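*Asks:* Take a look at this one; I'll ask things after.
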Amino acid sequence: FINPLAIVALCFLASSNIISAPSISLEGRNLWIAQSLPIDGGDILLAKANLHIVICLPSVIIAGLTGIIVLDMTLLQMLMMLILPSLMTVFFALFGVVINLHFPKFDWINETIAIKQGMSTLIAMFASMALVAAPVVLYGTVLIQYMTADVFMVICTVIFALLSLWMLRYLKTKGKAIFATLG
């Protein structure tokens, strides 16, 4: 179980990055500027998620490649070492924006307050870690008897990909409508 645990460890490290969680709150009193731009609100929200991805994904890929080189992995495990943590990075980027859309904090005096004391940051931090830990606990307690860890990781990859697509669609539709009314 060393290889699946290495993949889970990389997913857990990806979950600890919550860059997108306070991204809307950091607009503060200047949110009206972003809202008045001739750019679709959904695109503005996706730009906030894309910044998270641009900052976090390279290190996830480098760590994944290092794990592939160091560990003796099967082809499926090599693919999972790159795909699952990368997908989790995209998922957590979108998740942070969705959470911040519903729990913005605009009444800050200092940016540190929006980042460290915002409800969206707290929710994103603990929910992200729980979203990595819950499948591990589920597999370790129930599903270990019925399938291999590799098959379970493929199932998790499909689930997180579908959830990411749903959040992407949400941000482009209902999310942009919510964004237009913030402030």
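*Asks:* What percentage of the solvent-accessible surface of region 77-163, computed with a 1.4 Å probe over protein heavy atoms, is contributed by carbon and sulfur atoms?
*Replies:* Carbon plus sulfur share of accessible area: 77 percent.
*Asks:* Using alpha-carbon pairs under 8 Å, 6+ residues apart, how would you state the relative contact order of the chain in percent? Mind showing how you got there, number by number?
*Replies:* Details: 216 pairs, mean separation 70.0, N = 183.
Result for the chain is 38 percent.
*Asks:* With every protein chain left in place, what is the accessible area per residue of the chain in square angstrom, probe 1.4 Å? Numbers along the way, then the final one.
*Replies:* Numbers: 9700 Å² over 183 residues.
That works out to 53 Å² for each residue.
*Asks:* Taking the Cα atoms of region 18-67, report the difference between the largest and smallest coordinate on each principal axis, in whole Å and largest first.
*Replies:* Result for region 18-67: principal-axis Cα extents of 45, 19, 10 Å.
*Asks:* Would you mind computing Rg(Cα) / (2.2 N^0.38 Å) for region 1-118, counting N as its residues?
*Replies:* Working: Rg = 17.1 Å, N = 118, 2.2 N^0.38 = 13.5 Å.
Its radius of gyration relative to the 2.2 N^0.38 Å reference: 1.27.
*Asks:* What's the ranking of 144-156, 89-101, 9-21, 111-123 by average number of surrounding C-beta atoms within 10 Å, highest first?
*Replies:* Taking the mean over residues of other Cβ atoms within 10 Å, the ranking is 89-101, 9-21, 111-123, 144-156.
*Asks:* Follow-up question, since we're still on this one. Just how many pairs of Lys in the chain have C-alpha atoms closer than 21 Å, counting pairs that are eight or more places apart or on different chains? List each step's numbers first, then the result.
*Replies:* Numbers: Lys48/Lys105; Lys48/Lys116; Lys48/Lys172; Lys48/Lys174; Lys48/Lys176; Lys105/Lys116; Lys105/Lys174; Lys105/Lys176.
Going through the chain pair by pair, I get 8.
*Asks:* While we're looking at this one, here's another question. Quick one: P(r) of region 38-183 from all Cα-Cα pairs, 5 Å bins, percents rounded to integers, in order of increasing distance.
*Replies:* P(r) for region 38-183, in whole percents per bin: 2, 9, 15, 18, 19, 14, 10, 7, 4, 2, 0.
*Asks:* Turning to a different aspect of this structure: Using a 7 Å offset from the Cα along the Cα-to-Cβ direction at both Trp166 and Trp32, what is the distance between the two label points in nm, to one decimal?
*Replies:* That separation, rounded to one decimal, is 3.7 nm.
The values are calculated or read from the model by the stated rules, or taken from the named source; none is laboratory data. Keep in mind it's a predicted model, so treat the numbers as computed, not measured. Here the Cβ is made from the backbone with ideal geometry for all residues, glycine too, and neighbour counts use every protein chain on show. Note: accessible area is taken over every heavy atom of the protein model, side chains too, but ligands, DNA and RNA are not part of it. Shrake-Rupley method; radii C 1.70, N 1.55, O 1.52, S 1.80 Å.
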